[in-house]
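Notes for the one structure printed next.
The values are calculated or read from the model by the stated rules, or taken from the named source; none is laboratory data. A quick note: this is a predicted structure, and the numbers were derived from the prediction, not measured. Don't worry about glycine lacking a Cβ; one is built from the backbone with ideal geometry, like all the others, and counts go over all protein chains shown.
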Amino acid sequence: MRFKSEIQNLPPYKPAKLITGPASDLVKLSSNENPLGPSPRALAALQAGVAQAHRYPDSASVALRQALADHAGLALDNVICSNGSDELVLLICLAFLAAGDEAVMAEGTFISYKLRTLELGARAVCVPLRDYAHDLEAMAAAITPSTRIVFLCNPNNPTGTASGAAEVEAFLARVPDDVLVVVDEAYIEFVVRPDYPDLLPAIRDGRPNLLLLRTFAKIYGLAGLRLGYAYGPRDLVAYLERARPTFNVNLLAQVAGVAALADSEHVARSRAHADASRAFFLEELRAMGLEPVPSETNFVAVTVGDDGAVSDALRARGFTITPLAGWGLPGLIRISFGTEEQNLAFVAALRTILKG
Ligand SMILES: Cc1ncc(COP(=O)(O)O)c(C=O)c1O
């Protein structure tokens with residue numbers, strides 16, 4: 001076979017080290033999921049929707065897009081839905097990148113931006129983080145006439161930091177109008193800092209080059225259904241719609257998404273749980289003499305020495321977390337918040353491992 005070198009040269013896909021025994025034996029704190037599970041309303045909608053599984057879904061996801069538009073005070077044609085927001089990263093790269101083009105992103109951020117950029121034969125310009133956060137000045141300075149996209153993961157996965165409004169506004173002002181700015185807001189519902197940028201008004205005002213990525217995989221607890229979306233200006237959304245596979249969002253994801261969005265109680269519960277978990281982890285990690293990175297998300301990153309060895313030792317005790325050497329952050333691990341019971345057990349295990 002003649003494979004494309006852009007794809008053949010990518011690192012092979014390594015699924016998260018998951019299961020050696022039954023899944024239930026391991027406490028999974030490695031994928032930033034919602035430990036409270038899906039919204040009860042979404043579960044009810046799923047049960048009702050199953051009987052329609054022989055039907056194709058609405059290829060335009062109208063009910064879901066309208067609900068998302070209403071949620072943000074935007075119009076239907078400001079919204080595009082996808083099979084997880086990960087698929088949107090691919091669609092964006094397909095729609096904007098070709099050989100010779102550049103995409104600017106952080107070094108130490110969500111890996112899909114880089115993989116999909118390389119896949120298209122474009123160059124990934126990776127700008128080091130500063131204090132585990134995006135260095136927006138350096139990123140603006142990295143833009144060249146070849147730049148087509150800038151990815152800003154805010155809050156950032158895997159470090160959990162968020163950039164503030166003043167910094168983001170100053171950054172946006174420096175980006176040329178013909179360079180697309182993708183702000184990935186997968187963790188927006190967890191943000192703590194009061195000056196986190198609200199970029200919806202810029203979409204309402206018709207800013208041509210801004211796209212906000214969101215997901216149902218985190219606070220809404222629907223990671224397994226694969227449902228993401230983006231808010232953007234009409235022309236940009238219409239352009240991306242051309243590249244979208246017709247039935248990319250399945251029927252069950254659509255009904256569950258509408259129900260989950262309406263369940264503000266479940267969102268509030270999930271947010272409160274993340275707040276309490278964050279306070280717990282920060283205190284416990286500090287008490288172990290560690291320096292956790294301040295978190296604006298449902299996970300925390302912390303330096304532990306040999307991240308691979310600590311990860312293996314945790315796994316031997318029944319916990320999966322994410323070692324970050326492979327993300328360009330050697331020595332750090334990322335811990336997703338679990339249930340209260342899991343968090344307590346995890347901290348005890350980590351304390352024992354670090355003492356040993
Ligand atoms: C920053 C960020 N963007 C996008 C995604 C992908 O989300 P989805 O499950 O909707 O594809 C993730 C998943 O971990 C993420 O951390």
Query raised in the report: Just one of Leu222, Leu285 is among the aliphatic types (A, V, I, L, M) and over 30 Å from Gly305 (Cβ atoms); which is it?
Result: Leu222
Requested in this report: For the range 117-126, enumerate the residues that are assigned to a helix (DSSP H, G or I) and surrounded by fewer than 24 Cβ atoms within 10 Å (Cβ to Cβ).
Outcome: Leu118, Glu119
Report summary line: For the range 78-107 the number of residues that are part of a helix (DSSP H, G or I) and within 11 Å of the ligand (Cβ to nearest atom) is 6
Query raised in the report: Among the candidates Ala268, Ala253, which residue alone is modelled with pLDDT of 95 or more and surrounded by 21 or more Cβ atoms within 10 Å (Cβ to Cβ)?
Result: Ala253
Query raised in the report: Among the listed residues Val182, Val191, which satisfies the condition of being in the same structural domain as Cys126 (by TED's automatic domain parsing), more than 25 Å from Leu91 (Cβ to Cβ) and β-branched (Val, Ile, Thr)?
Result: Val191
Requested in this report: Please list, ordered by first then second residue, the pairs with beta carbon atoms under 7 Å, 6 or more apart or interchain, first in the range 224-249 and assigned by TED's automatic domain parsing to the domain that holds His71 and away from the ligand (no atom under 16 Å from the Cβ), second of a type in the set (Asp, Glu) and in a helix (DSSP H, G or I).
Outcome: Arg234/Asp77; Val237/Asp77; Ala238/Asp77
Query raised in the report: Can you name the condition, by its number, that Pro197 falls short on among (1) farther than 30 Å from Thr303 by Cα; (2) within 18 Å of the chain's Cα centre (by Cα)?
Result: (1)
**Report entry** Residue check for Phe110: closer than 23 Å to Leu199 by Cα, within 16 Å of the chain's Cα centre (by Cα) and either without any contact (Cβ under 8 Å) to a residue 24 or more places away in the chain or not in a loop (DSSP other than H, G, I, E, B) (or both)
**Finding:** no
Query - Selection status of Asp275, acidic (Asp, Glu), modelled with pLDDT of 95 or more and closer than 19 Å to Asp25 by Cβ - result: no
Query - Any chance Asp275 is more than 16 Å from the ligand (Cβ to nearest atom), among the acidic types (Asp, Glu) and under 21 Å from the mean Cα position of the chain (by Cα) - result: yes
Query raised in the report: Would you call Ala44 closer than 20 Å to Pro245 by Cα and either part of a loop (DSSP other than H, G, I, E, B) or away from the ligand (no atom under 16 Å from the Cβ) (or both)?
Result: no
